[in-house]
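The values are calculated or read from the model by the stated rules, or taken from the named source; none is laboratory data. Owing to the predicted nature of the structure, the values given are computational and were not obtained by experimental measurement. Methodologically, a virtual Cβ is constructed for each residue, glycine included, from the backbone with ideal geometry; neighbour enumeration extends over all protein chains shown.
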Amino acid sequence: MQSNVLKRHSFLLKVCFILIFSFSLSFSATLHAKQPIKALYIPLADHYAALVAYERYREQMKYANFEILKMKNWDLLRAYFQSGKADMAYVMSPLAMDMYSKQPNFKWIGLMHRDGNALAINKLIKDNIDLPKKRINRKPDKQVAYALQALHQSRKKSTQIAMPHLLSTHSVVLYKYLKNYGIELTLTKNNKIPVEAIAIAPPKAPAFIKGQSNRATPAAFEQSLPWADVVETGGFGYIAWYSKDVLPWENGHVECIALATDLAIKNKYLATKEVMDFIKIAGTDIEQARKIGGRALDEIVIIVQKHIPEHTRDAIIASLDPDLRVINYQSLNIDEAGLKLIMNLALEADILKKSIDIELFSDHRFDN
């Protein structure tokens, strides 16, 4: 009988041990489970580092289950992010500052790239200037500005230039370029002013230029790469200049920035930081691939076209030209002085209606 009691005790101890061990494993797995980090992006060269991070490094991430979601336009991205449906978003800096001024429930955690947009013109404008054959020699001199002024005098209408959004770094760059030569820019319909900025989603910008050309109407767009390269390599538009020459800045001017919600930072800090860290690593990958060329660059092209098939191989390679360096993926830590430059010009141009506290907006814990 005593033997049976001992056997029962032994059996119960084994059961308890198994239960405790199983609970321990379950608790450990829960403790170290990857947390979902959903990030929103637009199909631009600006966001290539996020695509490379997703394809190359998401399986290596210890804390983050990294997801990316492509948005059709900036207003949709804004609404989706501010509805709380995503943890991160990659956003043009003036738009991000406007969002923050209205609903400050997120922080700036890093850059997605530096420089990276260009002015593309159609043939009706190009015929009025002497455009250098090599893109490296195309600078923001007076030619395009004076051509726009002359067209205004002859047509008595504003020439429309398409921006990805009126609240964009592109609008700031165009304002600065025209201001350098005494030309006015309007953000609303006003045919008394030579140039009107209008909002057109990046993927639709090439069709805008082509359509206006078919109507014998001068037109241009300032968009992120590679859309300017798409029209030039496609033979129906011309790159006039690059933003890096209009707004020179150490390491390149601030453009698209990475945002993370306060909730993601509070509840998923390690996962959020891990994603941002791998985006910086992916940026280094792109920089190395553009220098090496060959297979290394082909791998980047394959990744981009998997997510953005409308970006042609020729346009991607042209955008990443190592000699031009018109976009770069280095120095992606927060740059408060660089953002202040954009903010002050945006306020001056009435693109932004109010300033923000950039120091409060920034979370430097994400800097490397």
Would it be correct to say that Ile351 is modelled with pLDDT of 95 or more and either closer than 26 Å to Ala240 by Cα or surrounded by fewer than 20 Cβ atoms within 10 Å (Cβ to Cβ) (or both)?
yes
Those residues that are surrounded by fewer than 23 Cβ atoms within 10 Å (Cβ to Cβ) and of a type in the set (Val, Ile, Thr), I need them from the stretch 247-263; list them, please.
Thr261
Need pairs with beta-carbon distance below 9 Å; first residue on the phi > 0 side of the Ramachandran plot and in the same structural domain as Leu44 (by TED's automatic domain parsing) and within the stretch 285-311, second surrounded by fewer than 21 Cβ atoms within 10 Å (Cβ to Cβ) and assigned to a helix (DSSP H, G or I); sequence gap 6+ or separate chains.
Gly293/Ile317
Within the stretch 99-148, tally of residues that are among the hydrophobic types (A, V, I, L, M, F, W, C), closer than 26 Å to Ala318 by Cα and assigned to a strand (DSSP E or B)
5
From (1) in a strand (DSSP E or B); (2) among the β-branched types (Val, Ile, Thr); (3) in the same structural domain as Ala86 (by TED's automatic domain parsing), pick out the condition that doesn't hold for Ile198.
(3)
Quick check on the stretch 234-253: of everything there that is small (Gly, Ala, Ser) and part of a helix (DSSP H, G or I), which residue is modelled with the lowest pLDDT?
Gly234
Can you tell me which residue among Ala162, Ala96, Ala86 is of a type outside the set (Val, Ile, Thr), part of a strand (DSSP E or B) and in contact (Cβ under 8 Å) with a residue 60 or more places away in the chain?
Ala162
Cβ contacts < 6 Å: first residue over 15 Å from Asp321 (Cα atoms), restricted to the stretch 123-140; second residue modelled with pLDDT under 95, any location; separation 6+ or different chain. Result?
none
Give the residues of the stretch 300-340 that are of a type outside the set (A, V, I, L, M), over 20 Å from Lys70 (Cα atoms), part of a helix (DSSP H, G or I) and in contact with a Lys or Arg (Cβ under 9 Å, 6 or more places away or on another chain), sorted by residue number.
Gly338
Complete set of residues in the stretch 264-309 that are surrounded by fewer than 17 Cβ atoms within 10 Å (Cβ to Cβ) and touching a helix residue (DSSP H, G or I) at 6+ places or on another chain (Cβ under 6 Å)
Ala296
Within the bounds of the stretch 111-124, is there any residue that is more than 15 Å from the chain's Cα centre (by Cα) and surrounded by fewer than 21 Cβ atoms within 10 Å (Cβ to Cβ)?
yes
Could you list, in sequence order, the residues of the stretch 167-191 that are touching a residue at least 40 places away in the same chain (Cβ under 8 Å) and outside any helix (DSSP H, G or I)?
Leu167, Ser168, Leu185, Leu187
Flag for Gly116 being touching a Ser or Thr at 6+ places or on another chain (Cβ under 7 Å) and of a type in the set (Gly, Ala, Ser):
yes
